[in-house]
Amino acid sequence: MSKPGRPGLLALILAISALVTAACDPQQVLLGTEPDATDESGGPDAAADADAEDGDDRPTPPPIGDAGDTGWGDSDAPWLPEPDEVTICEGFGSTQLDLWAGDDGVYVAWSWMEIDHPEGGPWHAGPAHGRIDFNDGTGWSQRWASDRDVGTTWTSGVMVYDMVGRIGDRIATRLAHPDRLPACSWMLVGLWTSSPWEGLPQTASQPFVVDDDLAYAVWPDDAAGDTKMIRWDGATWGVVPAVLPYDRVSLVWADEDDLFVAGERGTVLSLEGDSWRVLDAGTLDNIVAIWGFGPDDLWLGTIRGGLRHFDGASWTAPEWPDRALEDGDDPRPILGMTGADGVLFFLTRRQVTRWDGTAFDVLGYWHSRSSDLAPFLLKAIAARSPSELFVAAAQPDGDFYATDMCLNRPFVMRWDGAVWHWM
């Protein structure tokens with residue numbers, strides 16, 4: 001296999017990844033990529049390569065500084081997916097990493113897509129590989145893999161995007177088919193089998209799952225020329241009668257009685273009776289994260305790192321300790337939010353922050369510019385209680401550092417209310 005220079009490869013991977021991402025994850029398209037610190041050679045900070053001399057030093061703890069013992073409960077062996085040292089970034093490919101936590105345990109999805117370049121031939125996307133692993137506190141086990149799905153034949157494999165919750169004994173997730181149209185399908189994935197989430201349009205936004213019998217999603221109905229809110233009642237998906245007045249919304253938060261949606265240019269709507277109420281959150285920035293504990297305790301995160309809080313009557317813009325600004329960087333998007341019992345957690349690519357109801361504190365900040373740690377990117381966050389938080393992360397390949405599309409050595413961290421653990 002001949003290998004071109006990295007600039008051409010980067011453009012190719014960005015193009016292929018963008019095609020799949022545009023169809024599967026419009027929110028990620030909205031986030032796009034961001035610049036980051038580089039050394040004079042154009043790669044990441046020099047510390048990024050500190051532990052990559054021979055590429056064969058796993059298992060070793062990730063560079064998370066002071067940490068507790070490895071493991072969780074009776075599980076003492078860390079999650080080490082195969083391939084643990086992803087070679088696709090050298091020969092070449094794209095990756096996805098996601099995490100979800102529920103009462104039964106923690107699920108992590110890891111996917112990679114190979115890029116093939118036959119001698120003298122054109123570049124094209126090769127097979128994709130997706131898997132979901134699980135830990136209930138007794139140890140890691142594989143629950144599903146695209147090449148072992150007993151219910152479906154995936155001729156070219158799939159990548160796993162967006163695990164959004166559990167419906168019965170199955171995980172609701174989006175699977176991407178790199179070489180097929182439509183490119184994505186919302187599926188319910190069980191032990192070694194998967195089936196479509198019947199009635200959920202493939203073009204729907206990421207659903208918000210309240211429980212087995214209640215979920216919501218935004219659906220751009222191209223045939224009707226409008227955007228609808230749809231609702232899962234435990235058996236079927238149906239259209240909420242009130243038509244959304246704006247089509248640039250994709251984020252949903254709901255409980256049994258309340259429903260909010262948010263999206264571009266600071267748009268926030270709440271469903272009140274049979275109509276939508278427009279809420280002025282005091283920002284024109286794109287909203288890229290949402291979480292709530294009730295209609296009088298709603299949080300939003302923006303693409304420029306801003307926070308907005310709604311107390312049921314008015315909005316405020318709380319200031320929080322963004323270490324990236326202290327390091328002289330631009331504001332980082334708030335990539336994800338989660339919470340439990342009134343305690344909010346949110347992450348950027350570098351930082352995990354908590355709001356305990358009275359004050360903000362930084363639970364973790366990892367950047368080689370301010371420490372001797374090799375940099376890595378935070379990808380997903382999920383809380384099971386105010387003192388139990390899970391984060392998925394990975395170390396980026398040097399030449400793809402600014403895109404986070406090609407990740408090496410994915411791992412999972414757990415915060416126990418005091419310190420971080422590799423698990």
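Assorted remarks:
- Annotation: of all residues in the range 208-247 being more than 26 Å from the chain's Cα centre (by Cα) and surrounded by 13 or more Cβ atoms within 10 Å (Cβ to Cβ), the one that is nearest to LEU188 (Cα to Cα) is VAL239.
- Close Cβ contacts (under 7 Å, 6 or more residues apart or on different chains) running from residues in the range 209-228 that are of a type in the set (Asp, Glu) to residues that are at pLDDT 90 or above comprise ASP212/ILE167; ASP212/GLY168; ASP212/GLY234; ASP213/ASP233; ASP213/GLY234; ASP221/THR227; ASP221/LYS228.
- Taking the range 216-325 as the region of interest, the strands (runs of 3 or more DSSP E) fully inside it that hold 1 or more residues being farther than 26 Å from THR173 by Cβ are 226-232, 267-272, 275-280, 287-294, 297-302, 307-310.
- Among the residues of the range 127-140, those that are at pLDDT 95 or above, over 19 Å from the mean Cα position of the chain (by Cα) and of a type outside the set (Asp, Glu) comprise GLY137, THR138, GLY139, TRP140.
- Test for GLY273: is it of a type outside the set (A, V, I, L, M) and surrounded by fewer than 21 Cβ atoms within 10 Å (Cβ to Cβ): yes
- Looking across the range 190-211 at every residue that is in contact with a strand residue (DSSP E or B) (Cβ under 8 Å, 6 or more places away or on another chain), not hydroxyl-bearing (Ser, Thr, Tyr) and not in a loop (DSSP other than H, G, I, E, B), the one that is modelled with the lowest pLDDT is identified as PRO196.
- Some residue of the range 312-329 being in contact with a helix residue (DSSP H, G or I) (Cβ under 9 Å, 6 or more places away or on another chain) and under 24 Å from VAL209 (Cα atoms): no
- Taking every residue in the range 176-189 that is modelled with pLDDT of 75 or more and pairing it with any residue that is of a type in the set (Val, Ile, Thr) and assigned to a loop (DSSP other than H, G, I, E, B), at least 6 positions away or on another chain, the pairs with Cβ-Cβ distances below 8 Å are ALA176/VAL158.
- Across the range 270-295, the qualifying residues are those that are under 23 Å from the mean Cα position of the chain (by Cα) and among the hydrophobic types (A, V, I, L, M, F, W, C), and the one among them that is farthest from ASP162 (Cα to Cα) is PHE293.
- Selection status of GLU119, over 19 Å from TRP192 (Cα atoms), in a loop (DSSP other than H, G, I, E, B) and at pLDDT below 80: yes
- Only one entry in ARG332, ARG354 is in contact with an Asp or Glu (Cβ under 8 Å, 6 or more places away or on another chain), closer than 19 Å to GLY417 by Cβ and buried (at least 16 other Cβ atoms within 10 Å of the Cβ), namely ARG354.
The values are calculated or read from the model by the stated rules, or taken from the named source; none is laboratory data. Please read all numbers here as calculations on a predicted model, not as lab measurements. Cβ coordinates were reconstructed from backbone atoms using ideal geometry, including for glycine residues, and neighbour counts include every protein chain displayed.
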